[in-house]
Amino acid sequence: MELVDLSVPFLRSRRNAKWQRFGSDVIPAWVAEMDFAIAPPIAEALARIEREQDFGYPSYAATVTALAKVFSLRMKERFDWDADAERVQFVSDLVQASFASVMAFADPGDNILLQTPAYPPFRDAILKTGRRLTPHSLRDDGQRFVFDVEALAAAIDSQTRVMIFCHPHNPTGRVYDRAELEAIAQVAIRNDLVVVSDEIHADLVYPGRQHIPLAKISPEIAARTVTITSATKSFNMPGLRCGLMHFGSRALQDRFEARIPPLLLGHPGINGFEATSAAWTQCQPWLDRLMAHLTANRDHLVSTVRSEFPGARIYAPEATFLSWIDFSALKLPGTPFQFFLEKARVGLSAGDTFDVASREFGRLNFATSRAILDEILGRMIEAVRAR
């Protein structure tokens, strides 16, 4: 299946947040959304709903059962993970799943561990529900960001109940290997923690690395892991609002449902269900084409940053279409977000929204056409040279 680039005029004509947040002269490279047309089978699934005027109440029991089975088959085929289809709860998005999990497995005042830098809504899920956030910083070892298991264990106290785990990691792009996952699992088991494992980027892993679901590591860690995921990131349809939670044991699901009745979460709409089913059953060729394009863009970006921004630090992401760049050596006036927005008219994600200690970082989304990526980089290079 061909990967179709969307033109800048077309992208600006739509109502989505990515291209509407900044001024009309700014090229956005911030939110995790791609500048490509959706795969044809997804488009056809949505068109079929319109043709058939299928906008009534869905038969939720049958729809949920069918898509849960599709999910289970997908996990087995892609990751050799036996994910029980009966342990699935659908949600509108994974932020909803994060909030619900924190509220289900921790009381106000309890301690929640969170890797930093971190996707900002994870922090909101902790602080806005009255829980206590304990950051656990990934460590830069000079080649990539690594999980410091000793520091993780030291951060746990008698009120620690949950760890939010982003795997693959956003924003650093790390894909944790089996040894890292086994060490993390042992800490969680030893300290009786529930792990909320966000694995939405699992399909977006580059050659040379492999995604291993945390719940696959052992029955013991599976029994305390809530895996949250969705097809929306990999197949570029976040507005269709369809995600899921997978509980690694019936006991864990019972604990969740005792505090968060499933009906409180609602259901995704029929468009989200049908698009997700099409993505997971018919669109692997499209995803393969996407990954080839993203690999080329990633390598081009890394090479350009290293050659044109002396001292800037970038590690090639092992997954995601997001790069985490340390601009501190450039000694830019203001933060990188402010500088590149004002001087280059490029909209990055601000580093300090992921971690207050990361104000000299910027996150750059490279899931776009090569022409747009080159325009982004060209503007940034010119701005740095002209300061």
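Okay, here's what the table says:
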| read-out | value |
| --- | --- |
| Any hit, region 314-329, residues being aliphatic (A, V, I, L, M), in contact (Cβ under 8 Å) with a residue 12 or more places away in the chain and more than 21 Å from Tyr119 (Cα to Cα) | yes |
| Candidates Thr304, Thr368, Thr295, filtered to the one that is assigned to a loop (DSSP other than H, G, I, E, B), closer than 30 Å to Ile200 by Cα and not assigned by TED's automatic domain parsing to the domain that holds Val205 | Thr368 |
| Qualifying residue in region 272-295 (condition: of a type in the set (Asp, Glu) and in contact (Cβ under 8 Å) with a residue 40 or more places away in the chain) | yes |
| Some residue of region 335-344 being part of a helix (DSSP H, G or I), surrounded by fewer than 18 Cβ atoms within 10 Å (Cβ to Cβ), basic (Lys, Arg) and not assigned by TED's automatic domain parsing to the domain that holds Pro168 | no |
| Search result, residues across region 207-238 that are of a type in the set (Gly, Ala, Ser) and surrounded by 14 or more Cβ atoms within 10 Å (Cβ to Cβ) | Ala215, Ser218, Ala222, Ala223, Ser230, Ala231, Ser234 |
| Enumeration of residues in region 319-334 that are outside any helix (DSSP H, G or I) and either outside the structural domain of Asp352 (by TED's automatic domain parsing) or out of contact with any helix residue (DSSP H, G or I) (no Cβ under 7 Å at 6 or more places or on another chain) (or both) | Ala319, Thr320, Leu322, Trp324, Asp326, Lys331, Gly334 |
| Members of region 208-243 found to be free of Cβ contacts under 8 Å to residues at least 60 places away in the same chain and part of a helix (DSSP H, G or I), listed by number | Leu214, Pro219, Glu220, Ile221, Ala222, Leu240 |
| Strands (runs of 3 or more DSSP E) within region 84-187 that include 2 or more residues under 16 Å from the mean Cα position of the chain (by Cα) and either in the same structural domain as Lys216 (by TED's automatic domain parsing) or among the acidic types (Asp, Glu) (or both) | 111-116, 160-166 |
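The values are calculated or read from the model by the stated rules, or taken from the named source; none is laboratory data. This is a predicted model, so every value here is computed, not measured. Positions of Cβ are generated from backbone atoms using ideal geometry, with glycine treated the same way; all protein chains shown enter the neighbour counts.
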